[in-house]
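Asker: Quick one: structure below, then a few questions.
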């Protein structure tokens, strides 16, 4: 789209019903602040720059807005005197002379680029104002979009609507596009002659028409125009976003056995022919390659899972976990900042942190890399084809050579050469008959405690 565009994103409005220590627009949806979702939609609608009208937590809100990669300026709204007043907080940005001005609310994270592009197209087609609306069978409380002969005649607030107007199901979604050449003229003409003594952005529809201009309404889904004011609404938006993301991935070839139990992040990458079993949580920074399987009740964050890998059930991959092709991290295992080499197996009840596990290596049940000394983290290197017996502790920094063998139950504190066998356990001593004596002593102590009421 050749026309230039400024998005004015209103982020100053707050809701005490969120009961939050931070601005509501910083609350995440899909592990991304809701304002960043909104600005990414604007970016994909070919917006050139963003003016964020801020209030609470201004610096953090501006930083979240800049995450979308567009030029961002911030404008502080000192007083809350209505939506038109909020837009005019960014007067200097609007005055720079963009062809189109989009007005978007920062608490509508489900808005799509398509809706914003459609509104911009209406300006390109000659409209001065394009309002984004939605149809609903439960319009109570919403402003109605009054149309005639294909034009938008007015936006009527619910409390001011006539009986016939209340029957209209086409409602105001709050978002709109305004001709850049006329935006300031229209905004400066808004009066606060209403019960609340506020300057309503919706008034510019009638103002534009009275001046011989043209206003239209474009339709979006009700879902993408939902705003957030409470934690309940935040959870509802999260559910809608997750449903949208799951559907997108399943249509791209990902299998989910119980999709409603799988939770994804805004940057999750999952390739075709991956299977995700029930109750899987995927945090930010996860890539899962073709043909991998994520078994039930696993949690992944900041991890890379290569083709053909198997994870879980009940596995945790923390940031820096890298599983190379065909490797396996099994049940009740945790991997952090570690490479699990091609075809290697960490089957069950193990912790691997700050380590490299070579190709084809096998870690028995209960193996742990002791990577932390209370102050610093240390590295463990396990060579290709090495076998680590069950219930072994590898005290880092340490290196286990290729094809080496560590005996079960070992505490290994020194490097193990390639193809060597390491024993790191105490010598076993058997005391004949001592078990019977110890058992009798324990039973006598139990009986004594029972008699004394302990």
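The values are calculated or read from the model by the stated rules, or taken from the named source; none is laboratory data. Bear in mind that the values here come from a model prediction, so they are computed numbers and not experimental data. Cβ atoms come from the backbone with ideal geometry, glycine included; neighbour counts cover every protein chain shown.
Asker: Can you name the residue in the stretch 310-328 that is more than 21 Å from the chain's Cα centre (by Cα) and crowded, with 24+ Cβ neighbours inside 10 Å and, of all such residues, is farthest from residue 357 (Cα to Cα)?
Answerer: 312
Asker: Filter the stretch 8-19 down to the residues that are crowded, with 17+ Cβ neighbours inside 10 Å and at pLDDT below 95, then identify the one that is nearest to residue 264 (Cα to Cα).
Answerer: 18
Asker: Would you check if there is a residue in the stretch 287-307 being assigned to a strand (DSSP E or B), in contact with a strand residue (DSSP E or B) (Cβ under 9 Å, 6 or more places away or on another chain), modelled with pLDDT of 95 or more and on the phi > 0 side of the Ramachandran plot?
Answerer: no
For every residue, the table says whether it meets (1) in contact with a helix residue (DSSP H, G or I) (Cβ under 7 Å, 6 or more places away or on another chain); (2) modelled with pLDDT of 95 or more; (3) farther than 18 Å from residue 101 by Cβ; (4) surrounded by 24 or more Cβ atoms within 10 Å (Cβ to Cβ).
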| site | (1), (2), (3), (4) |
| --- | --- |
| 25 | yes, yes, yes, yes |
| 32 | no, yes, yes, no |
| 43 | no, yes, no, no |
| 49 | no, yes, no, no |
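Asker: Sticking with this one: Tell me which helices (runs of 4 or more DSSP H) are completely within the stretch 152-233 and hold 2 or more residues being without any contact (Cβ under 8 Å) to a residue 60 or more places away in the chain and in contact with a strand residue (DSSP E or B) (Cβ under 8 Å, 6 or more places away or on another chain), or say none if there are none.
Answerer: 163-166, 204-210
Asker: Quick one: is residue 92 in the same structural domain as residue 179 (by TED's automatic domain parsing), crowded, with 24+ Cβ neighbours inside 10 Å and over 22 Å from residue 33 (Cα atoms)?
Answerer: no
Asker: Residue 372 - would you say it is surrounded by 20 or more Cβ atoms within 10 Å (Cβ to Cβ) and assigned by TED's automatic domain parsing to the domain that holds residue 309?
Answerer: Values: surrounded by 20 or more Cβ atoms within 10 Å (Cβ to Cβ): no; assigned by TED's automatic domain parsing to the domain that holds residue 309: yes.
Answer is no for this residue.
Asker: Let me ask something else about it. Could you go through the stretch 121-128 and let me know if any residue there is surrounded by fewer than 14 Cβ atoms within 10 Å (Cβ to Cβ) and in a helix (DSSP H, G or I). Talk me through it step by step, then tell me what you get.
Answerer: First, the residues of the stretch 121-128 that are surrounded by fewer than 14 Cβ atoms within 10 Å (Cβ to Cβ): 125-126.
With the extra rule that they be in a helix (DSSP H, G or I), the set shrinks to none.
Taking every residue of the stretch 121-128 in turn, none turns out to be surrounded by fewer than 14 Cβ atoms within 10 Å (Cβ to Cβ) and in a helix (DSSP H, G or I).
Asker: Could you identify the single residue in 395, 416, 346 that is more than 18 Å from residue 329 (Cα to Cα) and buried (at least 21 other Cβ atoms within 10 Å of the Cβ)? First the steps, then the outcome.
Answerer: Details: 395 fails: buried (at least 21 other Cβ atoms within 10 Å of the Cβ); 346 fails: more than 18 Å from residue 329 (Cα to Cα).
Result: 416 is the single residue among 395, 416, 346 that is more than 18 Å from residue 329 (Cα to Cα) and buried (at least 21 other Cβ atoms within 10 Å of the Cβ).
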